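One structure is given here, and the rest of the page talks about it.
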Amino acid sequence: MSGFENIAIVASEAPAAQAALADLRARYTTVPPEQADVVVALGGDGFMLETLHKYRACGVPFYGMHRGSVGFLMNGYGPNALVERLGRAQSVAIHPLEMTATDHVGKVHNAIAINEVSLVRQGRQAAKLKISVDDTVRLDELMADGVLVATPVGSTAYNLSAHGPIIPLSAEVLALTPISAFRPRRWRGALLPHEARVRFDVLEIERRSVSAAADFTEIRDVASVSVREAGEITFTLLFDPEHNLEERVLKEQFLS
């Protein structure tokens, strides 16, 4: 027995995911996510993130199978022995980021991000940002297309595309990575302790508008954004032993 007697299966709209959903539901007895001991997600990494956000309140582990375009957070797809696979899966606990964004009229918005919180210019002019860490100003002015804070899980996503570092899951650090920095041109970002609190203040907000996004939640015309690791929130992901996430993150650093 796997310990997961009540299995929910959800799928993206991709044809391959929908076909897999029909196949698995024909093979196994399933329940709605709100009644489940585990949620099985069929799709790619984007759909897994959506699933984690949507069913966060269920408080159960999530097991992904790759039926999408990117599958870093997913296991390989296979319709056979699902219960046995769940039983031998290894768990990984991850903590999201909490974003607190204040917009230009003073309204405060809160959201969580499993991958990253990013600030990006809205118009043709580069953003100007002041960056503080734990109430100490570290950069008086970053002029760039934007900047992001990434978790270890998110370090292989947008952060990597912005030339940020890949972070082992056990490192307990966050990546602070500029997006196309213009000034200071040679600044490549920083690694911060996971308990660090980062604040971004938008300079020249009237001329250089900036949006902030926590995964899928976007707030436009922000004046300031604070980011911290939400250690009180835990998501549990399940992986086949041969798809160990820590090993996959390590191997990613040696790809050419």
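Any read-out appearing in this document is the output of simple, stated calculations on the displayed coordinates, not a laboratory observation. Please read all numbers here as calculations on a predicted model, not as lab measurements. As a convention, Cβ positions derive from the backbone with ideal geometry for all residues, glycine included, and neighbour counts pool all protein chains shown.
Converting phi to 3J(HN,Hα) with the Karplus coefficients 6.51, -1.76 and 1.60 and the offset θ = phi - 60°, the range 193-210 yields x, 5, 8, 5, 10, 10, 10, 10, 10, 7, 9, 6, 4, 5, 9, 10, 5, 9 Hz in sequence order, with x at every glycine or proline.
Dipole check for the chain: with +1 at the C-beta of Lys and Arg, -1 at the C-beta of Asp and Glu, and the Cα centre as origin, the magnitude is about 760 Debye.
If you add up the charges near R197, with Lys and Arg at +1 and Asp and Glu at -1, over every other residue whose beta carbon is less than 11 angstrom from its beta carbon, what do you get? Before the final figure, lay out each step's value.
Values: positive: R199, R228; negative: E98, D134, D135, E195, E229.
Its environment carries a net charge of -3.
Scanning residues 5 or more positions from I7 or on other chains, those with amide H under 5 Å from its amide H are V31, D37, with H placed 1.01 Å from N in the peptide plane.
Near V222, once Lys and Arg are set to +1 and Asp and Glu to -1 for all other residues with Cβ below 12 Å from its Cβ, the sum equals +1. Principal-axis analysis of the Cα atoms of the chain puts helix 15-27 at an angle of about 40° to the longest axis. Phi angles across the range 87-102 convert, under the Karplus curve 6.51 cos²θ - 1.76 cosθ + 1.60 with θ = phi - 60°, into 3J(HN,Hα) values of x, 9, 5, 9, 9, 10, 9, 10, 10, x, 8, 10, 9, 10, 10, 10 Hz, Gly and Pro given as x. In the chain, the longest principal axis of the Cα atoms and the axis of helix 45-54 are about 90 degrees apart. Across the range 145-157, coupling constants 3J(HN,Hα) worked out from phi with the 6.51/-1.76/1.60 Karplus curve, θ = phi - 60°, read 5, x, 7, 9, 10, 10, 7, x, 4, x, 5, 8, 9 Hz, and Gly and Pro carry x. Diffusion coefficient of the range 97-229 by Stokes-Einstein, Kirkwood radius over Cα pairs, 4 °C, 1.567 mPa s: 91 µm²/s.
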